[in-house]
Amino acid sequence: FNFEIDIEPAEHKIEIIKADLAEDELSCNRNTEIDVTVQNTGSESEDVVVRITSGDLNLDFKEEINDLPPEERKRSKSKHNFNVPLPVKDNVKPGTYEITVKTYVDRGELSDSKQVDVRIDECISKT
């Protein structure tokens with residue numbers, strides 16, 4: 001017997017390829033940024049929304065990407081990269097905080113989700 005299997009990519013799939021913090025441990029300097037890359041691995045061009053949120057850090061950022069082509073047609077243009085500054089306020093208590101990155105396709109349907117953690121340490125000044 002011979003079998004052929006033809007695997008079709010999901011019609012609507014936006015993957016988070018990268019979600020990295022420049023610094024994931026903060027102390028006296030409470031500024032970092034998140035570097036995000038998303039890729040259309042589906043079979044259709046998509047209007048994409050990327051949300052970066054953290055309730056504890058009062059963070060709610062939205063990036064809109066119009067007509068992101070699928071990987072199969074335009075490999076180099078199927079990815080979108082951006083950086084978001086993440087200043088952390090001085091009144092945030094030491095601890096580990098979750099930052100969530102989610103992608104949504106043009107119909108508002110969740111496509112992918114990743115979580116990164118940032119650790120805030122107490123600032124001890126050297127005098």
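Overview of values
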| quantity | calculated |
| --- | --- |
| Spatial separation of Cα centroids for the stretch 106-127 and the stretch 26-40, in angstrom | 8 |
| Simple Cβ-charge dipole of the chain, Lys/Arg +1 and Asp/Glu -1, about Cα centre, in debye nearest 20 | 460 |
| 17 Å reach of a label modelled at Asp117, 7 Å along Cα-to-Cβ, counting backbone N of the stretch 20-56 | 20-27, 54-56 |
| The stretch 114-123 - phi-based ³J(HN,Hα) in whole Hz, Karplus 6.51/-1.76/1.60, Gly and Pro as x | 9, 10, 10, 10, 10, 9, 9, 9, 5, 7 |
| Calculated FRET efficiency for the pair Lys77/Thr53, C-beta based, R₀ 35 Å, to 0.05 | 0.80 |
| Compactness of the chain as Cα Rg over 2.2 N^0.38 Å, two decimals | 1.33 |
| Solvent-accessible area per residue, Å², over the chain with all protein chains present [probe radius 1.4 Å] | 67 |
| Longest segment of the chain lacking trypsin sites (Lys or Arg not before Pro) that sit in a DSSP loop with at most 10 other Cβ atoms within 10 Å | 1-88 |
| Relative contact order [Cα under 8 Å, 6+ residues apart], the chain, whole percent | 30 |
| Pairwise label distance in nanometres, Leu110 with Asp60, each label 7 Å out on the Cα-Cβ vector | 1.7 |
| Given Lys77/Lys114; Lys79/Lys102; Lys18/Lys102; Lys13/Lys77; Lys13/Lys114, the pairs whose alpha carbons are separated by over 19 Å | Lys77/Lys114 |
| Whole-percent carbon and sulfur share, accessible surface of the chain, 1.4 Å | 43 |
| Karplus 3J(HN,Hα) series, Hz, for the stretch 104-110 with 6.51 cos²θ - 1.76 cosθ + 1.60 (x for Gly, Pro) | 10, 7, 4, 8, x, 7, 4 |
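The values are calculated or read from the model by the stated rules, or taken from the named source; none is laboratory data. Note that this is a predicted model, so its numbers are computed, not measured. Methodologically, a virtual Cβ is constructed for each residue, glycine included, from the backbone with ideal geometry; neighbour enumeration extends over all protein chains shown. These area figures cover heavy atoms from the full protein model, side chains too; ligands, DNA and RNA do not enter into them. Shrake-Rupley method; radii C 1.70, N 1.55, O 1.52, S 1.80 Å.
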